[in-house]
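Laboratory data are not the source of any read-out in this text; all were calculated from the coordinates shown. Remember, predicted model here, so these are calculated numbers, not experimental data.
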Amino acid sequence: CMPRGSCLERLRKRAKRAEGARSKMRWNNSQPILKAIEDPVNPKSDRSLSHRGTEAWIIDAVRTPRGRGKAGAGALSGIHPQHLLSQCLNALRDRTGIDPRDVEDFVAGCVNEFGEQGACIARLAVLNAGWPVDAATGVTLNRFCGSGQQAVNFAAQGVMSGQQDLVIGGGVESMSRV
């Protein structure tokens, strides 16, 4: 189940342009979007076991502004972390042209999953972004300082295993809220 035609072509073109630059990418809490690129020699016709070994590509990355982590003092301290995350999701949608219904999962890292960052902030951000209720699910994980990076790794693993085609991975943390 690859994304529909024109979207897939745009993603492929962007992936080709980014291929040379991907070694220069810095990890700075951006929200990468991972996409399975089908093999032109042996295109997938279904989601069978032959789907294994697919490459995972980072198609785009966005991030929120950074601010001071003090309640009432930081510029972002009044913004709920769920809103920060949903802004990233909508920016990815707008920049890449993906259909939110094609996104199979959103994996988000969050160290302090309690209070306003509790529940499953990944799923709540998908809903807050205005994406359809039957769009991407969401899962939140805690790997301390490496939570966002681990979320991207898990997203890539889902794509590379052939179980998923389009996954978003990233993280959120609002220190003024915990």
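Under a 5 Å amide H cut-off, with hydrogens placed 1.01 Å from N, residue 62 pairs with 31 among residues at least 5 apart or on other chains. The largest-to-smallest principal axis extents of the Cα set in the stretch 139-178 are 38, 15, 11 Å. Scalar couplings 3J(HN,Hα) for the stretch 138-154, obtained by applying the Karplus form with A = 6.51, B = -1.76, C = 1.60 to θ = phi - 60°, are x, 9, 10, 9, 10, 10, 6, 5, x, 4, x, 5, 5, 4, 5, 4, 5 Hz; x denotes Gly and Pro.
Applying the Karplus relation 6.51 cos²θ - 1.76 cosθ + 1.60 with θ = phi - 60° to the stretch 84-89 yields 3J(HN,Hα) values of 4, 5, 5, 5, 5, 4 Hz, where x marks Gly and Pro.
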